[in-house]
Amino acid sequence: YNVENYIGRGVSSALSQTYEDIEVVVVDDGSSDGTWSALQMYSADSRVVLSRQENSGVSRARNHALNLATGDYVIFLDSDDWLESEACEQLMRMLSTRPGTLIAADANFVSVVNGTEVCSNQILDMTAEDLSSDEAILRFGVFNSIHIGSSCYKLFSREVIERCGLRFDEQIAHTEDGLFVFNYLNECRGLHYEPLALWNILDRPGSATTSGFHHSLLSS
């Protein structure tokens, strides 16, 4: 939503993956700026599906994208973030070693300091882990641990999502993605995590995570 200055980097990073058998589904949540116009440069790419909806929030946008997706696996990328070029390839490699599990990686966290993007990450102290679904859920909110509360940094099976009817709860405006992850974990064989920074997460003024308090946050 209203990310005309950022959306190009995110979409381009998805299209530049070393793992080539991909589709990129982009849902514009009723932007009032030039986001939709910025997306038109990708409309001729057969790998890209573009769609618009009335401004309805991130959960409905993600659900809209899931309804359009045709791939075997799903990852989520927020509109102001971007992927490392080997993200999909590494996730598929991890899946090949732990089939049937939720595959989880990590991220670089990028802040803007005096107009310059500065990258930091936590993964120097992290190690690969295999967890049961219950063990993974209990990691929610643990500092310097796997980001269980986020639908990013993970590879989901679309077969599991569709078979179990999993979607984001559109009545929840905060931690809705954590609930989706919890529900998914209840339907799979646990979680495999490797400390690889495959996402880049931009902390910018005006983003959903920095926009301050709103009563809808109580839906958490």
_How large is the accessible surface of ASP29 in square angstrom, using a 1.4 angstrom probe and rounding to the nearest 10?_
10 Å²
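What is the local net charge at GLU129, summed over the other residues whose Cβ is closer than 13 Å to its Cβ (Lys, Arg +1; Asp, Glu -1)? Mind showing how you got there, number by number?
Details: positive: ARG98, ARG139; negative: ASP106, ASP125, ASP130, GLU135, GLU194.
Taking every Cβ under 13 Å from that of GLU129, the sum is -3.
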*What does the charge dipole of the chain about its Cα centre add up to, to the nearest 20 debye, if the Cβ of each Lys and Arg holds +1 and the Cβ of each Asp and Glu holds -1?*
240 debye
_Could you compute how much accessible surface MET126 exposes when probed at 1.4 Å, giving the result in Å² to the nearest 10?_
20 Å²
*Accessible area of HIS215, 1.4 Å probe, to the nearest 10 Å²?*
130 Å²
*Go ahead and set up a Gaussian network model of the chain, Cα springs under 10 Å, then flag whichever of GLN40, GLN17, GLN90 fluctuates most.*
GLN40
*Near the amide H of TYR19, under 5 Å away, which other amide H atoms are found, from residues 5 or more places off or on another chain, if H is placed in the peptide plane?*
CYS88, GLU89
*Summed residue charge, Cβ within 14 Å of ARG60's Cβ, Lys/Arg positive, Asp/Glu negative*: -4
*Residue by residue, what Karplus-based ³J(HN,Hα) values in Hz, rounded to whole numbers, does region 111-124 have, using 6.51, -1.76 and 1.60 with θ = phi - 60° and x for Gly and Pro?*
10, 9, 10, 6, x, 10, 6, 10, 9, 9, 8, 10, 7, 4
*Cut-off 12 Å between beta-carbons: net charge of the residues surrounding SER220, Lys and Arg +1, Asp and Glu -1*: -3
_Taking amide H atoms as placed 1.01 Å from N in the peptide plane, list the residues 5 or more away in sequence, or in a different chain, whose amide H sits under 5 Å from that of VAL49._
VAL24, VAL25, VAL26
*Specify the residue with the greatest mean-square fluctuation among GLU129, GLU23, GLU84, computed from a Gaussian network of the chain linking alpha-carbon atoms under 10 Å apart.*
GLU129
*Which value in nm describes the separation of the simple spin-label points at ILE123 and ARG47, placed 7 Å from the Cα toward the beta carbon?*
2.1 nm
*Helix-only CD estimate at 222 nm, as mean residue ellipticity for the chain, using -39500 (n - 2.57) per DSSP H run (n ≥ 4)*: -7000 deg cm²/dmol
*Rel. contact order, % - alpha carbon contacts under 8 angstrom, at least six apart, the chain*: 25 percent
*asked:* Amide H of TYR153 versus every other amide H placed in the peptide plane: which residues, excluding those fewer than 5 positions away on the same chain, fall under 5 Å?
replied: PHE76
_Which of the three applies to region 65-108, rounded, prolate or oblate, going by the alpha-carbon gyration tensor with a ≥ b ≥ c and a/c under 1.5 meaning rounded?_
oblate
*Whole-number Å³ per residue for the convex hull built on Cα positions in the chain*: 129 Å³
*Could you tell me which of rounded, prolate or oblate describes region 12-62, using a ≥ b ≥ c as the square roots of the eigenvalues of the alpha-carbon gyration tensor, with rounded for a/c under 1.5 and, failing that, prolate when a/b is larger than b/c and oblate otherwise?*
prolate
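The values are calculated or read from the model by the stated rules, or taken from the named source; none is laboratory data. The shown structure was predicted, so the numbers you read here are calculated from the model rather than taken from an experiment. Every residue, glycine among them, receives a Cβ derived from its backbone with ideal geometry; neighbour counts consider all protein chains shown. Just the protein is used for accessible areas: all its heavy atoms, side chains included, with ligands, DNA and RNA removed. Shrake-Rupley method; radii C 1.70, N 1.55, O 1.52, S 1.80 Å.
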